[in-house]
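The block underneath contains the structure these notes are about, expressed in structure tokens.
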């Protein structure tokens, strides 16, 4: 008698969709900023100023203007902002992004919510190499994260409530926005940044995206 192999039943995903921060959560934008600035030290200072400015802006102002203002703030030439935009096609995903997203995409809708212009957001999304169901930029939403509107727009497009969607943050500042909506958040803290004062605690925090697979799909 030949024994039949019974297919193992897949566990149900713990969430109905996943939204990602783009420029840090999925892409190594640090390397490009450092290259344009001329050193890691200058690049980190410039990027830190830009992050403060965008997360504190609220209603949308041209993204490229904020990048330029951040350059001036840290003593870099304004031309660096144009050079950064021109080189956006050089952005590359973190090493595990392709593998992790392909596994998740087979089971869940995936989307992006990013503090970026439409034009640069399209270039950055193309660098990931994955077709997302939803892409919301700050320009499209009319507000920069952590204002609730960009996240809400993505949730509306997916037709799911906030508590059923996992957000993967590259910056801990996202926690202020997702926390207001009750959206569980996985902090992809690639370089070991400290949690900002008064920021809500993430549901999970890791230096890579690999733990997303067991977190969302179980030990399959």
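The values are calculated or read from the model by the stated rules, or taken from the named source; none is laboratory data. Worth saying up front: this structure is predicted, and the values here are computed from it rather than measured. Here Cβ is always computed from backbone atoms with ideal geometry, including for glycine, and neighbour counts include all displayed protein chains.
Annotations for the structure displayed:
- Scope segment 46-102; condition surrounded by 20 or more Cβ atoms within 10 Å (Cβ to Cβ) and part of a loop (DSSP other than H, G, I, E, B); matching residues: 60, 76, 91
- Against the conditions (1) surrounded by fewer than 21 Cβ atoms within 10 Å (Cβ to Cβ); (2) assigned to a helix (DSSP H, G or I); (3) in contact (Cβ under 8 Å) with a residue 60 or more places away in the chain, residue 124 satisfies every one except (1).
- Failed item in (1) surrounded by fewer than 21 Cβ atoms within 10 Å (Cβ to Cβ); (2) closer than 22 Å to residue 96 by Cβ; (3) at pLDDT 95 or above, with residue 25 passing the rest: (1)
- Residues that are under 23 Å from residue 11 (Cα atoms), surrounded by fewer than 18 Cβ atoms within 10 Å (Cβ to Cβ) and within 17 Å of the chain's Cα centre (by Cα), drawn from segment 103-121: 105
- The residues of segment 76-96 that are within 19 Å of residue 137 (Cβ to Cβ) and in contact with a strand residue (DSSP E or B) (Cβ under 9 Å, 6 or more places away or on another chain), listed by number, are 91, 93.
- All positions within segment 63-88 that are more than 18 Å from residue 39 (Cα to Cα) and within 17 Å of the chain's Cα centre (by Cα): 63
- Positions within segment 11-37 being in contact (Cβ under 8 Å) with a residue 24 or more places away in the chain and farther than 26 Å from residue 157 by Cβ, in sequence order: 11, 28, 30, 31, 32, 33, 35, 36, 37
- The selection criterion, being modelled with pLDDT under 95, more than 30 Å from residue 85 (Cα to Cα) and in contact with a helix residue (DSSP H, G or I) (Cβ under 8 Å, 6 or more places away or on another chain), holds for residue 200.
- Filter pass, residue 3 being outside the structural domain of residue 187 (by TED's automatic domain parsing), assigned to a helix (DSSP H, G or I) and either modelled with pLDDT of 95 or more or over 15 Å from residue 116 (Cβ atoms) (or both): no
- The lone exception for residue 157 - which of (1) assigned to a helix (DSSP H, G or I); (2) in contact (Cβ under 8 Å) with a residue 60 or more places away in the chain; (3) farther than 20 Å from residue 25 by Cα it fails: (2)
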